[in-house]
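Read through the structure below, which is laid out as structure tokens, and then see the notes.
The values are calculated or read from the model by the stated rules, or taken from the named source; none is laboratory data. Small disclaimer: the values here were computed from a predicted structure and weren't measured. Cβ placement follows ideal geometry from the backbone for every residue including glycine, while neighbour counts extend to all protein chains displayed. Calculation scope for accessible area: heavy atoms of the full protein, side chains included, ligands and nucleic acids excluded. Shrake-Rupley method; radii C 1.70, N 1.55, O 1.52, S 1.80 Å.
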Amino acid sequence: MTERIFNFGAGPAVLPEPVLEEAQRNLFVLPGAGMSILEISHRSKTFEEILEGAVADIRRLASVPPNYRILFLGGGASLQFSMVPMNLLAADRSADYVVTGAWSKKAVKEAKKVGGVSIAATTESEGFARIPEQSELTLDPGAAYVHFTTNNTIYGTEWAKEPDAGTVPLVADASSDVFSRPIDMGKYALLYAGAQKNLGPAGVTLVILREDLLARSPKTLPTMLDYNTHAESNSLYNTPPVFAIYMVRLIVQWMLAEGGLEAIGRRNAEKAKILYDALDSSGGFYRPHAKPGSRSNMNVAFRLPTEDLEKEFLAGAGKEGFSGLKGHRSVGGIRASIYNAFPKKGVEALVGYMKEFARTKG
Ligand code: PMP
């Protein structure tokens with residue numbers, strides 16, 4: 001099979017076609033370099049320009065203020081669950097964590113190994129079907145930081161607006177909705193995201209952090225786990241994931257060419273609305289997992305009346321050329337991930353299939 005199908009996978013996920021085509025064209029010889037991006041030294045002038053270009057383009061795309069550093073690290077978002085507390089949370093201090101899903105819980109687990117953790121709010125008893133209101137958060141004005149997960153990939157919930165942490169540094173795991181809409185970076189002290197949903201292929205993690213936080217890292221940290229190491233060496237302390245960073249650069253250039261975060265945000269909202277409207281108008285045949293007000297524009301999770309119907313739905317979807325629709329095992333049902341690069345016509349095709357399925361099986 002050489003034809004591309006509609007990839008609703010939660011990550012690694014669909015990438016923009018023009019970017020894949022450019023990477024393919026340049027894979028054998030990167031223009032001017034005389035060799036492939038897969039072969040060049042991370043110390044070469046060519047790669048330095050790619051890396052610097054990626055940082056500059058991200059700064060432009062998200063209007064990242066000058067007092068923030070933009071780093072490319074290894075270890076996935078999961079390593080940030082550890083690096084954040086190791087760098088920012090001293091053993092005698094406490095951090096506030098808002099728990100809105102399985103990834104927030106994993107972040108809490110790692111932070112507890114380093115220092116104190118206070119759960120500012122959790123919606124676990126409600127199956128993580130919603131995002132807490134600001135008034136439900138118990139925030140400690142003396143906390144080392146407040147950590148939250150901007151979009152809950154598994155449950156299909158997303159913060160409509162970031163929590164207000166007051167003067168306490170706000171730290172975000174933005175792995176599954178990074179750069180999917182405009183963002184006010186000035187409200188964040190640190191934001192991290194594994195690349196493999198909206199930013200690129202797997203293998204690189206974006207970390208954007210405010211410079212003043214660098215002073216917090218204990219001197220005893222292992223070199224590779226200290227943000228200062230990567231900030232001082234501009235993400236070139238050791239060999240970085242060269243190809244993944246090259247892809248991130250192309251994708252950020254694509255986002256800029258598409259009109260930036262305003263335009264991308266509008267398009268994402270439009271795509272998600274098509275899908276949620278179909279769920280809401282199905283007379284209860286399709287039931288969204290997320291409560292209204294907490295719905296994600298990236299991951300749309302829903303159930304059908306029975307598990308047998310869900311199996312049948314997935315089997316039929318496969319035949320239509322839709323891939324990656326099986327919900328996470330902890331929620332079950334269906335999950336359609338419709339990240340930045342997912343085309344509107346794929347959403348429309350899915351809705352067409354859903355309507356027909358409900359009409360014949362409902
Ligand atoms: N946080 C969120 C919100 C995620 O969706 C994921 C991965 N799906 C992770 C963290 C873990 O990312 P990684 O696999 O890059 O460690």
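General remarks:
- Residue 122 contributes about 70 Å² of solvent-accessible surface, heavy atoms of the protein only, 1.4 Å probe.
- Helical runs assigned H by DSSP (4 residues or longer) give the chain a calculated mean residue ellipticity at 222 nm of -11000 deg cm²/dmol, each run adding -39500 (n - 2.57) before division by the residue total.
- Whole-angstrom Cα spans of segment 159-264 along principal axes, big to small: 44, 38, 17
- Loop-located trypsin sites (Lys or Arg not before Pro) in segment 249-313 (DSSP state not H, G, I, E or B) with no more than 11 neighbouring Cβ atoms inside 10 Å do not occur.
- Percent accessible area from carbon and sulfur atoms, the chain, protein chains only, probe 1.4 Å: 53
- Segment 297-360-segment 223-243 distance, computed between alpha-carbon centres (Å): 40
- Of 231, 77, 244, the one that fluctuates the most in a GNM where the chain has Cα springs shorter than 10 Å: 231
- A Cα-only calculation for segment 7-114 places Rg and Dmax at 18.8, 54 Å.
- Partner lysines whose Cα lies under 20 Å from the Cα of residue 113, excluding those fewer than 8 positions away in the same chain, are identified as 105, 219.
- With only Cα atoms counted, segment 51-198 has Rg and Dmax values of 14.7, 45 Å.
- Which listed pairs, of 311/361; 161/291; 273/344; 291/361; 112/197; 45/197, have C-alpha distances above 18 Å, in listed order: 291/361; 112/197; 45/197
- Cleavage-rule hits, GluC sites (Glu not before Pro), segment 96-143, DSSP coil, Cβ neighbours within 10 Å at most 11: 133
- Distances between every pair of Cα atoms in segment 1-58, grouped in 10 Å steps from 0 to the bin holding the largest one, split as 19, 40, 30, 12 percent.
- Per-selection Kirkwood Rh - the chain (Cα, Å, 1 d.p.): 21.3
- A 1.4 Å probe run over the protein chains yields, for the chain, 44 Å² of accessible area per residue, whole-number rounding.
- Segment 1-39 and segment 114-152 have their alpha-carbon centroids 38 Å apart.
- Cβ-based net charge around residue 250, under 12 Å, with every Lys or Arg adding one and every Asp or Glu removing one: -2
- Dipole moment magnitude, nearest 20 debye, the chain about Cα centre, only Lys, Arg, Asp, Glu C-beta charged: 480
- Residue 178 accessible area, assembled protein chains, probe 1.4 Å, Å²: 10
- For segment 159-203, size of Cβ-based charge dipole, Lys and Arg +1, Asp and Glu -1, in debye: 100
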